Amino acid sequence: MANLIIIGKNKETKNLNEKEVHPEEAIEKLIFETKNILPDVFLLKRQLQTYSRDERIDLVGIDNENNILVIEIKDEMADESVIPQVMKYAGWVETHPDAIKSIWLEQKNKPEDFSFDWEKELSIKIMIIAPSFKPSVQKLINRITYPVELIEFKKFTNGQNDYVFLNKVL
């Protein structure tokens, strides 16, 4: 477990303890409901059903670079098993772009400063968010043809406020 230490102007310190977040749905909900936690991303939907009832994309979003984002969240160290999972989801999105467009069109609170051109060729980007990653995940990610971001997620608390730490690993 990590500690985050805040050093004030008068050299006073505040020690924030890392707080494990379980289950995955708690991280998913926090990210979905807290706007701007993922900058330049507009999150469209949680738990998007794909091929079957049991296969759901944790979060689907779009960004200003005309990417559809497939976001997978883990509450433990991510291992190699995440690779086929996100590949399957990305394949589903690639073959069902109209489903994502429909979700966009149904949004009531679209940001005014956000542009997404559905007429352009769409790209798919994968984000995997986890507290940490096995080294093998980074090696295997390089073999995927979709752009991929690995993002470390940690939550700290001082008893009154929560602080989220996001670190782009790859």
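Within segment 145-163, restricting attention to residues that are among the β-branched types (Val, Ile, Thr) and more than 13 Å from the chain's Cα centre (by Cα), the residue that is surrounded by the most Cβ atoms within 10 Å (Cβ to Cβ) is 157. Looking only at residues in segment 34-55 that are at pLDDT below 95 and charged (D, E, K, R), the one that is nearest to residue 90 (Cα to Cα) is 55.
For segment 1-54, a residue qualifies if it is in a loop (DSSP other than H, G, I, E, B) and either touching a helix residue (DSSP H, G or I) at 6+ places or on another chain (Cβ under 7 Å) or of a type in the set (Lys, Arg) (or both), and the qualifying residues are 9, 11, 19, 21, 35, 37, 38, 50, 51, 53. Residue 115 meets all of the listed conditions (1) assigned to a helix (DSSP H, G or I); (2) of a type in the set (Gly, Ala, Ser); (3) touching a residue at least 12 places away in the same chain (Cβ under 8 Å) but one, namely (1). Scanning segment 55-77 for residues that are open to solvent by 30 Å² or more (accessible area, probe 1.4 Å) and either in a strand (DSSP E or B) or without any contact (Cβ under 8 Å) to a residue 24 or more places away in the chain (or both) returns a single hit, 56. The condition of being under 30 Å from residue 5 (Cβ atoms) and in a helix (DSSP H, G or I) holds for only one of 137, 86, that being 137. On the stretch given as segment 85-107, residues that are farther than 13 Å from residue 69 by Cβ and open to solvent by less than 40 Å² (accessible area, probe 1.4 Å) total 3.
The values are calculated or read from the model by the stated rules, or taken from the named source; none is laboratory data. Model, not experiment: these values are computed from the prediction. Because the Cβ atoms are built from the backbone with ideal geometry, glycine has one as well, and the counts that use them run over all protein chains shown. Quick note on the areas: whole protein, heavy atoms, side chains included, nothing else; ligands and nucleic acids left out. Shrake-Rupley method; radii C 1.70, N 1.55, O 1.52, S 1.80 Å.
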